[in-house]
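S.K.: The structure under discussion is supplied below as structure tokens; questions concerning it will follow.
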Amino acid sequence: MTQTKNEELKRLRELIEKIELAMMVTQDGEELRARPMTTSQMDESGHLWFFTNEFSSKTGEILEHDEVNLSYADKESNSYVSISGKASLVHDQNKVNELWNPILKAWFPEGKEDPDLALIRVIPHSAEFWDSNSSKMVQLFKISKAILKGESYQQQAGDDENAKLDL
């Protein structure tokens, strides 16, 4: 049974909220750079929001090359998400107020009014996610069984959920 786009987007949002930490990949000249970023929100439009220092290397990279990739991974639940999109630097005090969390004072000592504070908004154009419905023990048993029989591991319908979305 195929999911509708709204159901897939809802599932994508659930996975991102559960995983929370993304590796944001930007382009630095000819090189790709990845760094961990905490997702503050995936809004109703599907845009992803992150707090950043306006003068960090990643913001300069985004201004040069706005295409980014966000990779989320939760090894414990075998849930993975990859999102490609366009990133931009945003100065919006109302959005800062909406998303602010007191723990952010560790990076922005002056709080919501910190002059170095900015937001990164990523507008996704495509995403893919994988989410395993089977426990690790069930998967390990099936993989071991395939190895012992000299067969290729075949996932069963319902074992994993995988969806590609064009956003």
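The values are calculated or read from the model by the stated rules, or taken from the named source; none is laboratory data. Computed from a predicted model, the values in this text were never measured in an experiment. When we count neighbours, we look across all protein chains shown, and the Cβ atoms used for this are built from the backbone with ideal geometry, even at glycine.
The rows are residues; the columns are (1) farther than 19 Å from I19 by Cβ; (2) part of a helix (DSSP H, G or I); (3) at pLDDT 95 or above; (4) among the aliphatic types (A, V, I, L, M).
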site: K86; (1), (2), (3), (4): yes, no, yes, no
site: L89; (1), (2), (3), (4): yes, no, yes, yes
site: K95; (1), (2), (3), (4): yes, yes, yes, no
site: S134; (1), (2), (3), (4): no, no, no, no
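S.K.: For region 24-44, give me each residue that is surrounded by fewer than 15 Cβ atoms within 10 Å (Cβ to Cβ) and either at positive phi or in contact (Cβ under 8 Å) with a residue 40 or more places away in the chain (or both).
M.R.: Hit for region 24-44 is G29, nothing else.
S.K.: Still on this structure: Identify all residues within region 10-53 that are under 16 Å from W130 (Cβ atoms) and not small (G, A, S); write none if there are none.
M.R.: R11, L12, R13, E14, L15, I16, K18, I19, M23 - these are the residues of region 10-53 that are under 16 Å from W130 (Cβ atoms) and not small (G, A, S).
S.K.: Follow-up question, since we're still on this one. Condition first: assigned to a strand (DSSP E or B) and closer than 17 Å to H91 by Cα. Now tell me which residues in region 10-47 satisfy that. Give the derivation first.
M.R.: Step one: of region 10-47, the residues assigned to a strand (DSSP E or B) are 21-28, 31-38, 41-42.
Passing the criteria: only Q41.
S.K.: Then there's this: Does E7 qualify as being within 21 Å of F129 (Cβ to Cβ), part of a loop (DSSP other than H, G, I, E, B), free of Cβ contacts under 8 Å to residues at least 12 places away in the same chain and not polar (S, T, N, Q)? If you could, list the steps in order and put the result at the bottom.
M.R.: Numbers: within 21 Å of F129 (Cβ to Cβ): yes; part of a loop (DSSP other than H, G, I, E, B): no; free of Cβ contacts under 8 Å to residues at least 12 places away in the same chain: yes; not polar (S, T, N, Q): yes.
It is false that E7 is within 21 Å of F129 (Cβ to Cβ), part of a loop (DSSP other than H, G, I, E, B), free of Cβ contacts under 8 Å to residues at least 12 places away in the same chain and not polar (S, T, N, Q).
S.K.: Looking only at region 48-73, which residues are surrounded by fewer than 16 Cβ atoms within 10 Å (Cβ to Cβ), touching a residue at least 40 places away in the same chain (Cβ under 8 Å) and either assigned to a loop (DSSP other than H, G, I, E, B) or in contact with a helix residue (DSSP H, G or I) (Cβ under 6 Å, 6 or more places away or on another chain) (or both)?
M.R.: Scanning region 48-73 gives E54, F55.
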